[in-house]
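Student: Mind having a look at this structure? Questions to follow.
The values are calculated or read from the model by the stated rules, or taken from the named source; none is laboratory data. Here the structure is a predicted model, which means the values were calculated and not measured. Glycine also receives a Cβ, built like all others from the backbone with ideal geometry; neighbour counts cover every protein chain displayed.
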Amino acid sequence: MAAPGPTDEQISVRVFGGPTALFEYGGLRFLTDPTFDAPGDYPTPGGPGLTKTAPASASLADLGPVDVVLLSHDEHPDNLDTSGRALLAGIPLTLTTPGGGRRLHDSLGDRAKGLADWESVELDRPGGGGRVRVTGVPAVHGPGRREDVEPVTGEVVGFVLTGDGLPTVYVSGDNASLTAVEQTADRFGPVDTAVLFAGAPRFPFLFDGAPIVLDSAQAAEAARILGARRVVPVHFDSWAHFTEGRDDLVSAFAAAGLADRLHLA
């Protein structure tokens, strides 16, 4: 399915901190990587402990109804925390990695579905207004080849949303690969809105300290590759392992001549 042509419709994205954002698309409400736990230290099985430094900008009670969760992966608490897991129980559909779909099936049943690269689901729009298609797209949670990275940091997935008469929306997930962005742009570009996970999270003992999600300069380059009319960055605050924040994003997009495309909450 080719991506629809550009439209003038703008998608309103509400960012809650960390990787969590809410937007309405085709009459459906989508939430990315739900993280609403309080600040504190959170263990990661088999990995480093993570420290949350700031609360979400709103509570779960303020969230309102959600139709679909777009979950880049289920294995790290800075992408799915305890309150986020509890939230999934009341959501009609959670889309995630193939492995995450299998793990979450035990608690969610068919309300959890994993998407392989280029696999799609079609969702009915409210009021019989056609359908929204959500396609899983490549993502790599670290530098280098996917087959080398996944045994260390796990499997992740990005998403592209399309629909007749609707703008194209890209949600990167915890991706550090510009090659994955290029592959997505080849199939779906240009995109109208890109929700880019950034923040350059690093650990000195992983990949020689290289970022495991896009740094700010890479986020700007991803915007250029995608031909994105608008970029809403997430995943750059509220956790101690994020090494680049708002000012770095502003500087990087300005240096790339893309300052007008950057939309910070």
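Student: Is it the case, given these coordinates, that Glu155 is in contact (Cβ under 8 Å) with a residue 12 or more places away in the chain, closer than 17 Å to Asn79 by Cβ, under 18 Å from the mean Cα position of the chain (by Cα) and surrounded by fewer than 24 Cβ atoms within 10 Å (Cβ to Cβ)? Walk me through it before giving the result.
Tutor: Details: in contact (Cβ under 8 Å) with a residue 12 or more places away in the chain: yes; closer than 17 Å to Asn79 by Cβ: yes; under 18 Å from the mean Cα position of the chain (by Cα): yes; surrounded by fewer than 24 Cβ atoms within 10 Å (Cβ to Cβ): yes.
So Glu155 passes the test.
Student: Looking at Val152, Val191, can you tell me which residue is outside any strand (DSSP E or B), at pLDDT below 95 and in contact with a helix residue (DSSP H, G or I) (Cβ under 9 Å, 6 or more places away or on another chain)? Outline the logic, then answer.
Tutor: Values: Val191 fails: at pLDDT below 95.
Result of the check over Val152, Val191: Val152.
Student: Name every residue in the range 119-147 that is outside any loop (DSSP other than H, G, I, E, B), in contact with a strand residue (DSSP E or B) (Cβ under 9 Å, 6 or more places away or on another chain) and at pLDDT 95 or above, in order of residue number. Working first, answer last.
Tutor: Going through the range 119-147, the residues outside any loop (DSSP other than H, G, I, E, B) turn out to be 120-124, 126-128, 131-137, 146-147.
Checking the rest, the ones that are also in contact with a strand residue (DSSP E or B) (Cβ under 9 Å, 6 or more places away or on another chain) come to 120-124, 126, 131-137.
Of everything in the range 119-147, those that are outside any loop (DSSP other than H, G, I, E, B), in contact with a strand residue (DSSP E or B) (Cβ under 9 Å, 6 or more places away or on another chain) and at pLDDT 95 or above turn out to be Ser120, Val121, Glu122, Leu123, Asp124, Arg131, Val132, Arg133, Val134, Thr135, Gly136, Val137.
Student: Could you please find all residues in the range 76-101 being buried (at least 16 other Cβ atoms within 10 Å of the Cβ) and hydrophobic (A, V, I, L, M, F, W, C)?
Tutor: Leu80, Leu87, Leu88, Ile91, Leu93, Leu95
Student: Let me ask you something else. Please give the number of the condition Pro138 fails out of (1) farther than 25 Å from Gly17 by Cβ; (2) over 16 Å from the mean Cα position of the chain (by Cα); (3) in contact (Cβ under 8 Å) with a residue 40 or more places away in the chain.
Tutor: Unmet condition: (2).
Student: Would you confirm whether any residue within the range 32-46 is assigned to a loop (DSSP other than H, G, I, E, B) and closer than 29 Å to Gly127 by Cα? Lay out the reasoning, then the answer.
Tutor: Filtering the range 32-46 down to residues assigned to a loop (DSSP other than H, G, I, E, B) leaves 33-39, 43-46.
Right, trim to closer than 29 Å to Gly127 by Cα and you get 33-34.
Scanning the range 32-46 turns up at least one residue that is assigned to a loop (DSSP other than H, G, I, E, B) and closer than 29 Å to Gly127 by Cα.
Student: Please find, among Glu24, Glu75, the residue that is part of a strand (DSSP E or B), within 27 Å of Val231 (Cβ to Cβ) and not β-branched (Val, Ile, Thr).
Tutor: The unique qualifying residue is Glu24.
Student: Only one of (1) under 21 Å from Asp78 (Cα atoms); (2) out of contact with any strand residue (DSSP E or B) (no Cβ under 6 Å at 6 or more places or on another chain) is not met by Ser172, so which one is it?
Tutor: Condition not satisfied by Ser172: (2).
Student: Would you pick out the residues in the range 194-248 that are assigned to a loop (DSSP other than H, G, I, E, B), of a type in the set (Val, Ile, Thr) and under 20 Å from Val156 (Cα atoms)?
Tutor: First pass over the range 194-248, keeping only residues assigned to a loop (DSSP other than H, G, I, E, B): 198-206, 210-215, 227-229, 235-238, 240-245.
With the extra rule that they be of a type in the set (Val, Ile, Thr), the set shrinks to 212-213, 243.
Scanning the range 194-248 gives Ile212, Val213.
Student: Please work out which residue is surrounded by the fewest Cβ atoms within 10 Å (Cβ to Cβ), limiting yourself to the range 116-152 and to residues that are of a type outside the set (Gly, Ala, Ser) and touching a Pro at 6+ places or on another chain (Cβ under 9 Å).
Tutor: Trp118
Student: Residue by residue through the range 92-131, note down the ones that are of a type in the set (A, V, I, L, M) and either under 15 Å from Val160 (Cα atoms) or in contact (Cβ under 8 Å) with a residue 40 or more places away in the chain (or both).
Tutor: Selection gives Leu95, Leu115, Ala116, Val121, Leu123.
Student: Report yes if some residue within the range 41-52 is free of Cβ contacts under 8 Å to residues at least 24 places away in the same chain, of a type in the set (Gly, Ala, Ser) and in contact with a Pro (Cβ under 9 Å, 6 or more places away or on another chain); otherwise report no.
Tutor: Yes - at least one qualifying residue is present in the range 41-52.
Student: Same structure again: When both residues are 6+ apart or on different chains and their Cβ atoms are under 6 Å apart, which pairs have a first residue that lies in the range 78-91 and is farther than 18 Å from Ala54 by Cβ, and a second that is surrounded by 16 or more Cβ atoms within 10 Å (Cβ to Cβ) and among the polar types (S, T, N, Q)?
Tutor: Matching pairs, first to second residue: Leu88/Thr94.
Student: Just wondering, is there one or more residues in the range 103-112 that are of a type in the set (Asp, Glu) and in a loop (DSSP other than H, G, I, E, B)?
Tutor: First pass over the range 103-112, keeping only residues of a type in the set (Asp, Glu): 106, 110.
Checking the rest, the ones that are also in a loop (DSSP other than H, G, I, E, B) come to none.
Taking every residue of the range 103-112 in turn, none turns out to be of a type in the set (Asp, Glu) and in a loop (DSSP other than H, G, I, E, B).
Student: Still on this structure: Return the only residue of Asp174, Asp215 being of a type in the set (D, E, K, R), closer than 20 Å to Gly17 by Cα and in contact (Cβ under 8 Å) with a residue 60 or more places away in the chain. Let's see the steps before the verdict.
Tutor: Numbers: Asp215 fails: in contact (Cβ under 8 Å) with a residue 60 or more places away in the chain.
One residue alone meets the criteria, Asp174.
Student: Can you confirm whether Ala116 is in contact with a helix residue (DSSP H, G or I) (Cβ under 6 Å, 6 or more places away or on another chain) and in a loop (DSSP other than H, G, I, E, B)?
Tutor: Values: in contact with a helix residue (DSSP H, G or I) (Cβ under 6 Å, 6 or more places away or on another chain): yes; in a loop (DSSP other than H, G, I, E, B): yes.
So Ala116 passes the test.
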